[in-house]
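K.L.:
One structure, pasted below without further comment.
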Amino acid sequence: LGPAERFVLVLSDVPRLSQRIRTLCTITGFDESLKEVLGQIATVAQTCRDVRHSKRFVQLLQIILKVGNELNKGTVKGEAQGIRLSSLIKLTQTKSNQNTTLLEYLVDNLSKKNPDILSVTTDFPLLEAAVRVNVPTLTTDVNKLKSGCQQIETVWNAALKAQDDEEFVTAAGPFLDRAKPQADAAVQSLKEMNEVFADLCRYVGENPDASTPDELFEHLFAFLRTFDAATKKLEDAREREARRERQQLRPRKSS
């Protein structure tokens, strides 16, 4: 027999070959997959907590709501009790006669009366990463960890019962002892993350059954980008004005 034929002959003697190959793939990729899903779960959960507990963000929403109600006084919208995150971006679409947006007007006033609120973006250090987390995909990946362990355990039990694959039993046993609790913990962490997100949805007046973290965070992220841009625009304008004033105060050289 040639090398290829001898290789196939050897493989034919391996018990439950196809199951072992799938098992090997699961074991090889388990730790990396576990690290990735736990990182994503932690990112989403922490961002939910950051939004939920940001005092600056609460103050900003209160001011925006007050301004909105004042602008809409006398209309149905003039007595709003809250504001949806998806509507925050509309602040950039409302302009005055001086071609200044409502957001720019708001930033200008905050800089004079509540400058600390201008740093609200720093309250959400993981927001951009949280936007990139697709929770349905994350859920699938967590479930794969759980089902992968179950499949390995099935093959392990079969080998143990048949007593025809001691090498696999010896290798897979310690892995299952470690990986099963880790997979269960990942499932529990995902459940807790969803509970934290549902609490955040109720806090901001969104329906948790009709919202996903990436959608909600994208609304907030988009608003904060425009908010920071308006803040920088104001700072740059004031710096230019300060330079102009300094130049005017410089003594002119006598001829």
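K.L.:
Compute the FRET efficiency between Arg49 and Lys113 as 1/(1 + (r/R0)^6), taking r as their Cβ-Cβ distance and R0 = 30 Å, and round to the nearest 0.05.
P.N.:
Efficiency computed from Cβ-Cβ geometry: 0.60.
K.L.:
Just the number please: accessible area per residue for the stretch 96-255, 1.4 Å probe, all protein chains included, in Å².
P.N.:
In whole numbers, the stretch 96-255 has 62 Å² accessible per residue.
K.L.:
At 0.36 nm per residue, and after removing the present C-alpha to C-alpha distance, how many nm does the segment from Lys90 to Thr137 gain when stretched out fully?
P.N.:
The span from Lys90 to Thr137 would gain 13.9 nm if fully extended.
K.L.:
Follow-up. If r is the Cβ-Cβ distance from Arg22 to Ala42 and R0 is 45 Å, what FRET efficiency results, to the nearest 0.05?
P.N.:
Using R0 = 45 Å, I get an efficiency of 0.95.
K.L.:
Pop the C-beta distance of Asp228 and Ala185 into the FRET formula with R0 = 41 Å and round what comes out to the nearest 0.05.
P.N.:
Result of the calculation: an efficiency of 0.65.
K.L.:
Let me ask something additional. Can you flag which of Lys90/Lys112; Lys90/Lys113; Lys66/Lys233; Lys35/Lys55; Lys90/Lys233; Lys90/Lys232 are past 28 Å Cα-Cα?
P.N.:
From the list (Lys90/Lys112; Lys90/Lys113; Lys66/Lys233; Lys35/Lys55; Lys90/Lys233; Lys90/Lys232), the Cα-Cα distance tops 28 Å for Lys35/Lys55.
K.L.:
Restricting the calculation to Cα positions, tell me the Rg (one decimal) and the Dmax (whole number) of the stretch 196-253 in Å.
P.N.:
Using the Cα atoms of the stretch 196-253, the pair Rg, Dmax is 21.6, 71 Å.
The values are calculated or read from the model by the stated rules, or taken from the named source; none is laboratory data. In this text the structure is predicted, and so the values were computed from the model without any measurement. Quick reminder, even Gly has a Cβ in these numbers, built from the backbone with ideal geometry, and neighbours come from all protein chains shown. We work out accessible area using only protein heavy atoms, side chains counted, and drop any ligands, DNA or RNA first. Shrake-Rupley method; radii C 1.70, N 1.55, O 1.52, S 1.80 Å.
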